[in-house]
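Asker: Below you will find the structure I want to go over with you.
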Amino acid sequence: MGVINVLEREIPFYRGKDALTRIEELKKSALVFIILSSTILTVILGAISLIDHEYQIVLFLVAILLSMEAFISFYETIFQSNRQFKLWGLLVVITSAADLILKLFLVKHFGLNGVLVSMIMTAFFTI
C-alpha cells in the first residue's frame, strides 16, 4: 500500500535534514501498519480457509508467507535507507542460495506445499 515506498523516499530526506526523531517515527508507524495489515490479512485468509476445506493448508501457508514477506520488505528498505548495501547484498545472496536449496528438496517431495513451506522457511531465515 505504499508504506515501504514512503520509507525509501522519506528516510534519506529526513536524514539529510538531521531529523532523527522523525525517522524513528516513520519506522514505528510503518512497522505498526505492517503488523496490523498482515494480521487482518491472516484473519481473512484464515476465515476463508475454514469455509473452503480443500485449500485450508495452502491458504494458511500463504497467510504466513505474506506476513513474513511484509517484514522482510520493511527491513530491506531500512538497510537500503541506511546505506548498508554490503549487509543487504550479503543477505540477498545467502537468502537466494538457501531458497534454491530448500525449493529443490521440498518441491520434489511435497509439490506446491513444498514451495510454500520453502518460501516460509527462507523468509524465517531472512528475518
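Asker: Out of G16, G2, I need the residue that is at positive phi and open to solvent by less than 80 Å² (accessible area, probe 1.4 Å). Which one?
Answerer: Criteria check complete, one pass: G2.
Asker: While we're on this one: Which pairs turn up if I take residues in segment 81-98 that are within 26 Å of L20 (Cα to Cα) and look for partners that are among the β-branched types (V, I, T) with beta carbon separation below 6 Å, at least 6 apart in sequence or on another chain?
Answerer: Within 6 Å, the pairs are S81/I11.
Asker: Is there a residue in segment 44-54 that is closer than 20 Å to N82 by Cβ, surrounded by 10 or more Cβ atoms within 10 Å (Cβ to Cβ) and β-branched (V, I, T)?
Answerer: Taking every residue of segment 44-54 in turn, none turns out to be closer than 20 Å to N82 by Cβ, surrounded by 10 or more Cβ atoms within 10 Å (Cβ to Cβ) and β-branched (V, I, T).
Asker: Still on this structure, I have one more. When you go through (1) touching a residue at least 24 places away in the same chain (Cβ under 8 Å); (2) over 25 Å from L116 (Cα atoms) one by one for T42, which number turns out not to apply?
Answerer: Answer for T42: the failing condition is (2).
Asker: Here is a further query. Quick one: is S118 more than 22 Å from L45 (Cα to Cα) and hydroxyl-bearing (S, T, Y)?
Answerer: Details: more than 22 Å from L45 (Cα to Cα): no; hydroxyl-bearing (S, T, Y): yes.
Spelling it out, it is not the case that S118 is more than 22 Å from L45 (Cα to Cα) and hydroxyl-bearing (S, T, Y).
Asker: Considering every residue within segment 106-122, establish whether at least one is of a type outside the set (D, E, K, R), exposed (fewer than 12 other Cβ atoms within 10 Å of the Cβ), part of a helix (DSSP H, G or I) and in contact (Cβ under 8 Å) with a residue 12 or more places away in the chain.
Answerer: First, pick out the residues of segment 106-122 that are of a type outside the set (D, E, K, R): 106-107, 109-122.
Cutting the leftovers down to exposed (fewer than 12 other Cβ atoms within 10 Å of the Cβ) gives us 109, 111-112.
If we keep only those that are part of a helix (DSSP H, G or I) as well, we get 109, 112.
Then drop every residue that is not in contact (Cβ under 8 Å) with a residue 12 or more places away in the chain, which leaves 112.
Yes: segment 106-122 contains one or more residues that are of a type outside the set (D, E, K, R), exposed (fewer than 12 other Cβ atoms within 10 Å of the Cβ), part of a helix (DSSP H, G or I) and in contact (Cβ under 8 Å) with a residue 12 or more places away in the chain.
Asker: Collect the residues in segment 81-105 that are open to solvent by 60 Å² or more (accessible area, probe 1.4 Å) and of a type outside the set (V, I, T), keeping them in residue-number order.
Answerer: Across segment 81-105, the qualifying residues are R83, Q84, F85, K86, L87, W88, L90, S96, L100, K103, L104, F105.
Let's see how each residue does on (1) open to solvent by less than 80 Å² (accessible area, probe 1.4 Å); (2) touching a residue at least 40 places away in the same chain (Cβ under 8 Å):
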residue: E8; (1), (2): no, yes
residue: F33; (1), (2): yes, no
residue: L36; (1), (2): no, no
residue: M68; (1), (2): yes, yes
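The values are calculated or read from the model by the stated rules, or taken from the named source; none is laboratory data. Predicted model, so just to flag it, every value in this text is computed and none were measured. Positions of Cβ are generated from backbone atoms using ideal geometry, with glycine treated the same way; all protein chains shown enter the neighbour counts. The accessibility values were calculated without ligands, DNA or RNA, using every heavy atom of the protein model including side chains. Shrake-Rupley method; radii C 1.70, N 1.55, O 1.52, S 1.80 Å.
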